[in-house]
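The values are calculated or read from the model by the stated rules, or taken from the named source; none is laboratory data. No experiment lies behind these values; they were computed from the predicted model shown. Here Cβ is always computed from backbone atoms with ideal geometry, including for glycine, and neighbour counts include all displayed protein chains.
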Amino acid sequence: MRAGPLGSRARRGAVAGAAAGPADFARELYDTLRRIDALGVQRLLVQRVPGTPDWDAVRDRLARAAASFEE
C-alpha cells in the first residue's frame, strides 16, 4: 500500500495499492493509519480484503479503526 503525499495541501486524498499478501498489507496499513491519524483525517476508504483466515488480523484492525472514526 503506497500512498501519495498525505500531507500535501494540493491533494484531498491518497490512493494506495494493496500489498502482495496479508502480512505486507498489515504492516503498510498500520504505518498508513498512524500517518493519517497524525493528520486528523476524518474519512478513510479501504477496498474489502479477502475473507480468508489469513486476513483475519487485517479485518480486525480495520474494524477497530472504523470504530475509532465513529467516536
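Computed quantities for the displayed model
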item: Condition broken by residue 53, with the remaining ones in (1) modelled with pLDDT of 85 or more; (2) within 14 Å of the chain's Cα centre (by Cα); (3) loosely packed, with under 15 Cβ neighbours inside 10 Å satisfied; result: (2)
item: Single match in 11, 48, 43, 59 (criterion: of a type in the set (Lys, Arg) and at pLDDT 90 or above); result: 59
item: Segment 26-57: number of residues that are outside any helix (DSSP H, G or I) and within 16 Å of residue 69 (Cα to Cα); result: 7
